[in-house]
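Worksheet: one structure, shown below.
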Amino acid sequence: MATTVKAFFERRVPEALAADPNRAKEIAAVYLFKVSGEQGGTWTADLVASPPVCQPGAVGQPQCTVELSDKDLCAMVDGGPQAALQILMAGRLKVSGDPALIAKLMAILRMGG
């Protein structure tokens, strides 16, 4: 089944965080996702909080901001690391903030996958 942006951030990631909060501790960062397009919106994944949360809106101080389209987010979630690399190489994924956290981005995407 294809991923929707809202289902990913508001159901799948929170369920994964609740089921295994230790995965969030391994990442231990705050990410802000700005998704453009028809399914777009803004979500914050606070993987430092106890318990870790993923919620709508820009909350707190993100250490890493990720900007992409709704179609590219779904392609990354459904297509895995290879799809993510293609989107990044095509310049359609913008990441700002702590560069060390870019490598951990796929771990977040796999949480809700």
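Where a number appears in this text, it was derived from the coordinates with a stated rule and is not lab data. Everything quoted here is computed from the prediction, not taken from an experiment. Cβ atoms come from the backbone with ideal geometry, glycine included; neighbour counts cover every protein chain shown.
Ranking of 106, 89, 76 by neighbouring Cβ atoms within 10 Å, starting from the fewest: 89, 106, 76. With springs only between Cα atoms under 10 Å, which of 77, 30, 59 fluctuates most in a Gaussian network model of the chain? Judging by the Gaussian network model, the answer is 59. Taking a straight line from the alpha carbon of residue 71, these lysines sit under 28 Å away, with near neighbours fewer than eight places off in the same chain left out: 6, 34, 94, 104.
Translational diffusion coefficient, Stokes-Einstein: compute it for segment 5-111 using the Kirkwood radius over C-alpha pairs as Rh, at 10 °C and 1.306 mPa s, and state it as an integer in µm² s⁻¹.
On the way: Rh = 13.6 Å.
D, rounded to a whole number, is 117 µm²/s.
Other residues whose C-beta falls under 12 angstrom from the C-beta of residue 26 contribute a net charge of +3, scoring Lys and Arg +1 and Asp and Glu -1.
Size of the dipole of the chain about the Cα centre, Lys and Arg at +1 and Asp and Glu at -1 on the beta carbon, nothing else charged, in debye to 20? Kindly include the intermediate steps, with their values, before the conclusion.
Details: 11 positive and 11 negative charges, 17 e Å.
Computed about the Cα centre, the dipole is about 80 debye.
Label-to-label distance for residue 58 and residue 26 is 3.1 nm, based on points extended 7 Å past Cα in the beta-carbon direction. Within the listed set 15, 67, 26, the residue fluctuating most in the Gaussian network model of the chain (springs between alpha-carbon atoms under 10 angstrom) is 26. On full extension, the segment bounded by residue 82 and residue 110 gains 8.8 nm, given 0.36 nm per residue less the C-alpha separation. Which one, 69, 96, 50, has the greatest fluctuation when you compute a Gaussian network model over the chain with C-alpha springs under 10 angstrom? Maximum fluctuation in the GNM of the chain, among the listed residues, is at 50.
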